[in-house]
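Structure record follows, encoded as structure tokens.
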Amino acid sequence: MGFNLRGAIMANIQGNSEDEVEATIVDAIQNGEEKMLPGLGVLFEVYWKEANEQQKTEICDIISQGLQG
């Protein structure tokens, strides 16, 4: 029997306010714990599905710039 990690994360954060989402992101980044990465991935997936083409282009540009180091 498989565990649906994406579904579990979505169930855990469903209905969170903007402040709660921000706190989750900031906490995950500040703590730097590997176990938080799947949650950030799910949040990014939610963003991507809701973003328009301009927002997608902008976020890809920002990430690309950040990877230049």
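The values are calculated or read from the model by the stated rules, or taken from the named source; none is laboratory data. No experiment lies behind these values; they were computed from the predicted model shown. As a convention, Cβ positions derive from the backbone with ideal geometry for all residues, glycine included, and neighbour counts pool all protein chains shown.
Summary of computed values
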item: Leading residue by the ranking (nearest to the chain's Cα centre (by Cα)) among those in segment 20-67 that are modelled with pLDDT of 95 or more and outside any helix (DSSP H, G or I); result: Ala51
item: Tabulated pairs, segment 1-18, first closer than 17 Å to Phe44 by Cβ, second part of a helix (DSSP H, G or I) and not acidic (Asp, Glu), C-beta under 6 angstrom, 6+ apart or interchain; result: Leu5/Pro38; Arg6/Val42; Ile9/Gly39; Ile9/Val42
